[in-house]
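*Asks:* Shown below is the structure under consideration.
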Amino acid sequence: MKYRLVSGLETHVELATATKIFCGCTTAFGGSPNTHCCPVCTGQPGALPVLNKKVVEYAIRAGLATHCTINTTTHLDRKNYCYPDLPKAYQISQFDKPLCEHGYVELESGKRIGITRIHIEEDAGKLVHESGFTYVDYNRGGVPLIEIVSEPDISSPEEAKEYVEKLQLIMRYIGVSDCKMQEGSMRCDVNISVMPEGATEFGTRTEIKNMNSISYIEKAMAYEYERQIEVIEGGGKIVQATLRYDEHTGETSVMRTKEDAQDYRYFPEPDILTVVIPESKVEEIKNSLPELPTDKLHRYIDELKINPATAKLLYKYKRVCDFAERAFALGAGVKNTVNLIVGTLYSKLETEEDKEKFVLPVSADEMAALVKLVDDGKINITLAQKTLSAMAEEGKPVSAYIKPEDIAGMDDGELESICRQAVEANAGAVADFKAGKEKAIFALYGFVKKATQGKADIKKADEIIKKLILG
Amino acid sequence: MKSVISILSSKLRSGEITSAQLTEQYIKEIEKHNPTLNAYVHLTFDEARANAAAADKLIKEGKATALTGIPFTLKDNIATDGLPTTCCSKILQGLKPYYDATVWSKLKAQGAVLLGKTNMDEFAMGSTSESSYFGAPLNPVDTTKVTGGSSGGVAAAVCANIAAYGLGSDTGGSIRQPASFCGIVGFKPTYGAVSRYGLIAYGSSLDQIGPMTQSVTDAAIVYDAIRGEDKADGTSVPTPDGKTVLNGDVKGLKIGIAEEYFDGVPSDIKSAIDGMVAAYERAGAQVVKVSIPALKLALPVYYIIACAEASSNLGRYDGIRYGFRATGYTSVDDMITKTRTEGFGKEVKKRIMLGTYVLSSGYFDAYYKKACLIRKAVESQMAEAFEKCDVLFAPTAPNTAFPLGYSGGNAVQTYLSDVCTVPVNIAGLPAISIPCGTDKGGMPIGVQIIGKKFDDSRVLDVAYFAEISGLSETADFKGGVRV
């Protein structure tokens, strides 16, 4: 029998606000244990939480960017459970009235993964196990999170991967999170079940907790899919359970089953009043959103006529796009700009993170100046690449490499005389070309390039040469 | 009634006495009376002497306010930086917070002198202060009687003149009822008027800090010093600028009487209040009968909501970060269980269990959710009543001080004694309890004056009439620092 995979993701994203959700402590990652703390985020008796408005704003941004509706009257709730990393024995979260609801994320295929809800909550501290002792570090306690809950619309590990990547991309675009899975600023719980093809009822689901890498999510899902089918085919039943994924063995194992599921005793947080967000604030946030990744990709392909493969290499990195678009605005041609970025600058930015950060000593102004030389035929693309490469390494302006006289000297008359020399010096190639060997003309291009140190516009040279040969 | 604060303040400002000398007088009287009364559970005399020195400097510099240099006390659930704050619970044994409650930092800035932390029911859960880990405080009026609770220690200290005034907290009557039992003034402001930052929570949506004093004038002075919006407490609200003006004019005042408040109230309490109301009428006030049927439901609503919130608020006491930690555990879970089993008293455990139950899945709708709905009904019915009257007069309690030990065998009866005080907390209203004669046994009776939300100054002003007309006298304890 064939089985369909049914999966929904709960994604925790740490918000990039400067301070924590309920106090003024920094949210900076790391720091000596228990140094980013105060009476509020360590739950000292008598201390009270005060909601950070920025957190609400960031969460609304995330909601709007994923096409959610915003609940402009909302409240926070207490989720009660006892664990040493949770100093109040309750997490302030949202239960029955999340800030954002009913959105979606669109995959490249056009399929939409529904977003059930996005709510705000506080992160817990961290337990550190060392030489037989357990220590608690509350630095992370109170760091703001949003939990993005998807509908069970995901039907393969590949879709899960794309969904998570898309979320990552959107959150980075709108500046609410860096979504670094390795640092824990983005984490996923994967709900997964299987059902026979054609069936209408979902199977019993399991939940794989705390996945912190996209490739593990894919692997764990694939493993769990096979495991569930095996259980069913063997006549067994899937037990609803929370699982952990072992990265080393690539297997899942049970953390707890439904029987010992916790009763969180949610109730409205009495220390924080009902949050009322003016519609005008939502409008303001909506208007401040940048162009979203999918829209940008479509614009690049449809309007700027960038070839789809190149457009996909660009749109993933917002800073790269910003750079390119500034160069466009300064008059640089689209095609030469993007080709130089992808061909030359990307070779300096090896990792995803490098491209994400996009730190190079080349300004958009200098980039535009260089591209315009190519656009105008003053220099050819090869020289532009060589120059850009040097600029990216040395941080000097275009003028340090290409002198005005180099460009000014290459008037049409001079080019024609060089072309004439090329024709004269390559009689054999000319004869071959005349005989129909089109590629023979490359020998003449080479001559021109060498004679002009690459500054010649080969397109123009081609025209002149052909005129000279064919009359 | 006399304004102890005004008298002491003028003596201090005139140079008749220094704060240091006054503080030593109080310390001497505490050492004399506290072993009997058990009003204070943590003495902070070093702090008091340092505060007094700072106050004398302020006075010399001409920067004194009404409270500068005057010795007072805080209930043991108000956080004091570096000084014990234990909620009279074993589980907070040794806790010295590393921050100040907003009320204490406000008073400290004005040069108030902190004598110590006073006794209370464990985590403010109780009406007699007998659930204190440190044993019950005794009622200075009659030491065979309880002080009431939960702010029983403050009431005893103020009554016995071993603190000029004190700050208590009121979740279901914990300022007003002990004030009534000990024959002093207790004022519970509108919810949010005084910052709760640093008040160790019992029922967060009900808790409110307020003054316990020898006079209405004193209550207004202290209230003015501690009120106002606080950025550290998101539930706090702005209060009007300037001093609360007291002129005691009750001409045309509409006094509401809701029969529901008087059901089952003994005749001597009822007639004492009737007498007080009649005096107001003679001065030009008008009596209006009002009906608030939902009052009957306020008590169960209170116990559901307060316990629900408490079960969550008290979850943090696990022995990991501060306070008491049990020994002989085998795992973290075992440590937490043992710590809570040994650290909490019986009443607290009972309320945690009640609260956990009403929030549990399957029971939430039937209890907690329903209680929240009825709470709204109480609020709106009280608001409706205030469309017909300016203030409500009611007994503070349906009884005077119980004998010590009584509540142990009469738990339900003791819970029922909160019936007159809890509606105010449910609805977030301001209310004051002032003395109103005595019962057959000579124990003080309290009358409660309740106002609408944010009408705190009116409540104080209406009570002030009783003060200036000699209708209300505080219990006269023949000891302590008498002024």
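No lab work stands behind these numbers, since they all come straight from the coordinates. Everything numeric in this text was worked out from a predicted model, so none of it was measured. So basically every Cβ, Gly included, is an ideal-geometry build from the backbone, and we count neighbours across all protein chains shown.
*Asks:* Note down the magnitude of the dipole of the stretch A:3-283 about its Cα centre, charges +1 on Lys and Arg C-beta and -1 on Asp and Glu C-beta and zero elsewhere, to the nearest 20 debye. Don't skip to the answer; put the middle values down first.
*Replies:* Working: 29 positive and 42 negative charges, 149 e Å.
Roughly 720 debye for the stretch A:3-283.
*Asks:* I would also like to ask the following. Only four residue types carry charge here, +1 at the Cβ of Lys and Arg and -1 at the Cβ of Asp and Glu. Report the dipole size of chain A about the Cα centre in Debye, rounded to the nearest 20.
*Replies:* On the way: 59 positive and 72 negative charges, 188 e Å.
Value, rounded to 20: 900 debye.
*Asks:* With each label point set 7 Å from Cα along the Cα-Cβ vector, what nm distance links A:Asn34 and B:Val245?
*Replies:* 5.3 nm
*Asks:* Moving on to the next point. Taking a threshold of 26 Å on the Cα-Cα distance, which of the pairs A:Lys378/A:Lys434; A:Lys20/B:Lys243; A:Lys396/A:Lys455; A:Lys180/A:Lys305 fall above it?
*Replies:* On the way: A:Lys378/A:Lys434 29 Å; A:Lys20/B:Lys243 37 Å; A:Lys396/A:Lys455 19 Å; A:Lys180/A:Lys305 32 Å.
Over 26 Å apart, Cα to Cα: A:Lys378/A:Lys434; A:Lys20/B:Lys243; A:Lys180/A:Lys305.
*Asks:* Just rank A:Asp85, A:Asp77, fewest to most, by other beta-carbon atoms within 10 angstrom. Walk me through the numbers before you get to the answer.
*Replies:* Working: A:Asp85 17, A:Asp77 23.
Result, fewest neighbours first: A:Asp85, A:Asp77.
*Asks:* Next up: Count the net charge of all other residues whose Cβ sits under 13 Å from the Cβ of A:Glu10, scoring Lys and Arg as +1 and Asp and Glu as -1.
*Replies:* Working: positive: A:Arg117, A:Arg187, A:Arg205, A:Lys209; negative: A:Glu121, A:Glu147, A:Glu151, A:Asp189, A:Glu207.
Neighbourhood net charge equals -1.
*Asks:* Which aspartates and glutamates, on any chain, are close to A:Lys296 with Cα under 18 Å apart, when same-chain ones fewer than 8 places away are left out?
*Replies:* List returned: A:Glu106, A:Glu108, A:Glu162, A:Glu165, A:Asp322, A:Glu325, A:Glu356.
*Asks:* Also, quick follow-up: Expressed as a whole number of Å, what is the distance separating the alpha-carbon centroids of the stretch A:77-129 and the stretch A:277-343?
*Replies:* Taking the Cα centre of each part, the stretch A:277-343 and the stretch A:77-129 sit 30 Å apart.
*Asks:* For the protein assembly as shown, build the charge dipole from Cβ charges (+1 Lys, Arg; -1 Asp, Glu) around the Cα centre, then report which of B:Phe324, A:Gly446, B:Thr80 sits farthest towards its positive end.
*Replies:* Towards the positive end, the residue furthest out is B:Thr80.
*Asks:* Calculated from DSSP H runs of 4 or more alone, at -39500 (n - 2.57) each and per residue, what is the 222 nm mean residue ellipticity of chain B, nearest 500?
*Replies:* Working: 16 runs with 189 residues, N = 483.
Computed ellipticity for chain B at 222 nm equals -12000 deg cm²/dmol.
*Asks:* Further question on the same structure: About its Cα centre, how strong a charge dipole does the stretch A:412-470 have in debye, to the nearest 20, once Lys and Arg get +1 and Asp and Glu get -1 at the Cβ? Spell out each step's value before the answer.
*Replies:* Working: 11 positive and 9 negative charges, 35 e Å.
Using only the charged Cβ atoms, the result is roughly 160 debye.
*Asks:* Taking amide H positions as placed 1.01 Å from N in the peptide plane, with prolines and chain starts having none, which residues 5 or more places from A:Val136, or on another chain, fall under 5 Å of its amide H?
*Replies:* It is A:Val128, by chain and number.
*Asks:* Can you tally the net charge around B:Gly284? Count Lys and Arg as +1, Asp and Glu as -1, for every other residue whose Cβ sits under 10 Å from the Cβ of B:Gly284.
*Replies:* 0
*Asks:* What value, in deg cm²/dmol to 500, does the helix sum -39500 (n - 2.57) over DSSP H runs of n ≥ 4 give at 222 nm once divided by the residues of chain A?
*Replies:* Working: 16 runs with 183 residues, N = 471.
After summing the helix terms and dividing by the residues of chain A, the value is -12000 deg cm²/dmol.
*Asks:* Quote the FRET efficiency, to the nearest 0.05, computed for A:Glu259 versus B:Ala377 with a Förster distance R0 of 60 Å and r equal to the Cβ-Cβ distance.
*Replies:* Values: r = 39 Å, r/R0 = 0.65.
Computed FRET efficiency for A:Glu259 and B:Ala377 comes out at 0.95.
*Asks:* Enter the Cα centre distance for the pair the stretch A:203-228 and the stretch B:421-483, rounded to the nearest angstrom.
*Replies:* The stretch A:203-228 and the stretch B:421-483 have Cα centres separated by 65 Å.
*Asks:* Still on this structure, please answer the following. Which of the residue pairs A:Lys166/A:Lys286; A:Lys88/B:Lys350; A:Lys79/B:Lys346; A:Lys355/A:Lys403; B:Lys96/B:Lys188; A:Lys335/A:Lys403 have a Cα-Cα distance greater than 22 Å in the structure shown?
*Replies:* A:Lys79/B:Lys346; A:Lys355/A:Lys403; B:Lys96/B:Lys188; A:Lys335/A:Lys403, as the Cα separations exceed 22 Å there.
*Asks:* What lysines does B:Lys478 reach when the alpha-carbon gap must be under 18 Å and sequence neighbours fewer than 8 apart in one chain are set aside?
*Replies:* Cross-link targets: B:Lys2, B:Lys28, B:Lys32, B:Lys145.
*Asks:* Also, I was wondering about something else. The stretch A:253-354: which trypsin sites (Lys or Arg not before Pro) are DSSP loop and have at most 15 other beta-carbon atoms within 10 angstrom?
*Replies:* Values: sites: A:Arg256, A:Lys258, A:Arg265, A:Lys281, A:Lys286, A:Lys296, A:Arg299, A:Lys305, A:Lys312, A:Lys316, A:Lys318, A:Arg319, A:Arg326, A:Lys335, A:Lys348; in loops: A:Arg265, A:Lys305, A:Lys316.
In loop regions of the stretch A:253-354 (DSSP not H, G, I, E or B), the sparsely surrounded trypsin sites (Lys or Arg not before Pro) are A:Lys305.
*Asks:* Can you give the percent of C-alpha pairs in chain A whose distance is more than 30 Å? Write out the running numbers ahead of the final one.
*Replies:* Values: 65761 of 110685 pairs.
Result: 59 percent of Cα pairs exceed 30 Å.
*Asks:* Below 19 Å, Cα to Cα, which lysines can B:Lys251 reach? Residues fewer than 8 away in the same chain don't count.
*Replies:* B:Lys289, B:Lys388, B:Lys452
*Asks:* Further, regarding this structure: Once you have the alpha carbon radius of gyration of chain B, what is it after dividing by 2.2 N^0.38 Å, with N set to its residue count?
*Replies:* Numbers: Rg = 21.1 Å, N = 483, 2.2 N^0.38 = 23.0 Å.
Relative to the 2.2 N^0.38 Å estimate, chain B comes out at 0.91.
*Asks:* Now for a different question. Among A:Glu130, B:Glu24, which comes first, second and so on when ranked by fewest other beta-carbon atoms within 10 Å?
*Replies:* On the way: A:Glu130 7, B:Glu24 16.
Exposure proxy ranking, most exposed first: A:Glu130, B:Glu24.
*Asks:* Once amide H atoms are built 1.01 Å from N in the peptide plane, which residues 5 or more positions from A:Gln44, or in another chain, come under 5 Å H to H?
*Replies:* For A:Gln44, whose amide H was placed from the backbone, there are no distant partners under 5 Å.
*Asks:* Pairs of Cα atoms under 8 Å, at least six residues apart: use those to get the relative contact order of the stretch A:111-268, whole percent.
*Replies:* It rounds to 15 percent for the stretch A:111-268.
*Asks:* For a quick check: sort A:Phe133, B:Phe134 by the number of other beta carbons within 10 angstrom, fewest at the front. Walk me through the numbers on the way to the answer.
*Replies:* Values: A:Phe133 7, B:Phe134 19.
The most exposed by this proxy come first: A:Phe133, B:Phe134.
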